[in-house]
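The values are calculated or read from the model by the stated rules, or taken from the named source; none is laboratory data. Because the structure is a prediction, the values reported are computed rather than measured. All Cβ positions, even for glycine, are placed from backbone atoms using ideal geometry, and neighbour counts span all protein chains on display.
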Amino acid sequence: MQHLPRWAAISLASSLLMACSPSHQGPPTLVSPVVTVASRLHTAAVAVEVQADDFASIQAAIDSVAATGGTVYLEPHEYPLAKAIVLPSKVSLVGQSALDASGSMVLPVLRLADGANSNVILNKRVWPSNVRDADIRLANFRIDGNRHNQTGIRHGIEFYYVDRPVIEGVTVENCSSTGMTFSYCVDGTVRDSVASNNGFTNQWAATGINLNQYCTGFLIENNVCNANNGYRADIGSTPYDGNGIRIGDYSERNTIRGNTCNGNGRRGIKVQGANNLVSGNTLRDNMGHSILFTGYQVSGNLVQNNHVSAYYDSGIRVESLNTRNNTIEGNTITGCLYGIELSTDSTANRLLNNTVTASRGNGIYLRGTSDNTVQGNTVTNSGLTFRSNAIQIIVEGGRPSVRNVIDGNVCTDTRAVKLQAYGIKIEPGVDYTTVTNNDLRGNLWTGIFLSGTHNTVFNNLF
C-alpha cells in the first residue's frame, strides 16, 4: 500500500546539521515541506513511499519497497537498532524534521543498541561481489554508533559496490571506527553532512568519511569531519590516529570541496589516490599533517585554495616514491611545523602561489626530492622559537635533491625580532638547482645560503 509522509519533508540547509536530539518538552510543530532532490541521483520516479512507523521495523519498511524501489520516511524520534539496516538498490531512507516546543529542530536518530556489535547501515553487497547496487540515498537523520557499548570495528555507514550513492544532511557520530566508508563505489555524493567524534581504543582506522579503495567520481562537499580519533590503551586518552577525510588506495577523480576537518587524531585529509581535487577546505588543529599525500600511485592531484593550520606537523606533506606530478596551489598555511613539506623521493611536484606564514620550522621544506617547481609563493616569518628558513632544500637519507626550480617567490621576515634566517637555504649535496627572480629581502642573515654544485642563481633581490 502506498503511503504519503505524515510530516514535513526535509530541508538540507547547513544550519540543520547540528540539530539537537529529540526533545520531550512538548509535541513537535510540523514544518512546511522543503524537498531537496539530489542532483546526482539517477533513478526513475519513486514508485512507493512508506512511513517506517507503519511497519514492525525500519527493515520491514525497506523490504516492502525493495522490489520496485521507493522511499522510507523516518519520523523525528529515536530508533534503537539491534542489528544493521540493509538497503537494496533504488531505495531512499529519508528523515522528516519537526520543531519541538522550544523551536529546536528535531531529526530522527538511529541509535545502535548496547551490544549490537554491528554497523548501523549497510547495502546488500559484501566483498568480493560481481553484482552491484545502485541509487541508494540517505538524507536528513542522525546516527549514534554508541561506541562505548560495542566491541570490534563498527562503522556508521558501510557501502560496497554501489553506483551513485547519495548522502545528504546526515550526521554520523560516536562510532567505534569510521563514520562513513565506501569501497568499490562510483559517482557518489556526500554533502552537507557531519562525520565527527568517531573512533575508539585501538581503532587506528578512525575516519569521518573514508573512500577506502577503488572509489571514483565522488563529490565530498560542505561536510564537517572533526575529532575523529583512535586511542591507544597504553597511553590513555591521547589520540594516536584518525582522519577527517581519507581518499584511499586507487581512488581517483574525486572532488573534496568546502569541507571542515578540525581536531582529528592525525590528518585532516589523507590522499592515497590519483587525479583528485582537494579545494576550498578548512583544516585546523589536526594532531598530524593537515593534508598528507602518501601511497602507491599518488599523482596528478590538485590541492587548491585550502585554509590550513596544523597542530604538530606540516600543513601539507607530500611523501613516498610514487608521489609525483601533484600541484599545490593558492593555499593559505599558517602556524605549522613546516608549511609545505616534500620528502621521501616525491618528484616533479608544483608548489605555486601559496601563502605560508608563521611556520615553527621552515616555511617550504624539500627533503630528498627532485624535479620540483616552487614558484610565486609568499613565505613570511618562519621560525617561532628557533631560527628557520623560508625555503630550505636538503639531501636526506641518501636521497638526492636535484633539478629543483625556485622562482619568483617572496621570502621575508616582517617581525621586529627576526628568526627567519635565510630566504632560501640550499644545503651541501643539493645540485642543479635554479634560483631566479626571488625577493629575498628582510631576512635575519641574508637572502640566500648556497651550497651544492651546478646551481644557477640570477635576478634575485637581496
Out of (1) more than 17 Å from residue 363 (Cα to Cα); (2) outside any strand (DSSP E or B), the one residue 443 does not meet is (1)
Residue count, the stretch 101-118, condition crowded, with 24+ Cβ neighbours inside 10 Å and modelled with pLDDT under 95, comes to 0
*Does at least one position in the stretch 145-157 carry a residue that is under 17 Å from the mean Cα position of the chain (by Cα), among the hydrophobic types (A, V, I, L, M, F, W, C) and crowded, with 24+ Cβ neighbours inside 10 Å?*
yes
A careful count of residues in the stretch 79-100 that are surrounded by fewer than 23 Cβ atoms within 10 Å (Cβ to Cβ), in a loop (DSSP other than H, G, I, E, B) and small (Gly, Ala, Ser) gives 3
Of the conditions (1) over 23 Å from residue 178 (Cα atoms); (2) modelled with pLDDT under 95; (3) small (Gly, Ala, Ser); (4) crowded, with 24+ Cβ neighbours inside 10 Å, the single one that residue 315 does not satisfy is (2)
If we keep only residues of the stretch 224-247 that are under 23 Å from residue 296 (Cα atoms), modelled with pLDDT of 95 or more and not charged (D, E, K, R), then the residue surrounded by the most Cβ atoms within 10 Å (Cβ to Cβ) is 244
Checked against (1) over 34 Å from the mean Cα position of the chain (by Cα); (2) in a loop (DSSP other than H, G, I, E, B); (3) at pLDDT 95 or above, residue 76 satisfies every condition except (1)
Of the candidates 362, 377, the one satisfying the condition of being under 16 Å from residue 315 (Cβ atoms), buried (at least 17 other Cβ atoms within 10 Å of the Cβ), in contact with a Ser or Thr (Cβ under 7 Å, 6 or more places away or on another chain) and not acidic (Asp, Glu) is 362
A careful count of residues in the stretch 291-320 that are closer than 18 Å to residue 353 by Cα, in a loop (DSSP other than H, G, I, E, B) and polar (S, T, N, Q) gives 4
Only unsatisfied item for residue 135, checking (1) in contact with a helix residue (DSSP H, G or I) (Cβ under 7 Å, 6 or more places away or on another chain); (2) among the acidic types (Asp, Glu); (3) under 21 Å from residue 213 (Cα atoms), is (1)
Residues in the stretch 345-402 that are closer than 17 Å to residue 425 by Cα, polar (S, T, N, Q), part of a strand (DSSP E or B) and out of contact with any Phe, Trp or Tyr (no Cβ under 7 Å at 6 or more places or on another chain) total 6
Taking first residues from the stretch 216-234 that are closer than 20 Å to residue 265 by Cα and among the charged types (D, E, K, R) and second residues anywhere that are modelled with pLDDT under 95 and assigned to a strand (DSSP E or B), the pairs with Cβ under 6 Å that are 6 or more apart or on different chains are 232/240
| said: Based on this model, can you work out whether residue 67 counts as farther than 26 Å from residue 187 by Cβ and either without any contact (Cβ under 8 Å) to a residue 24 or more places away in the chain or in a loop (DSSP other than H, G, I, E, B) (or both)? | reply: no
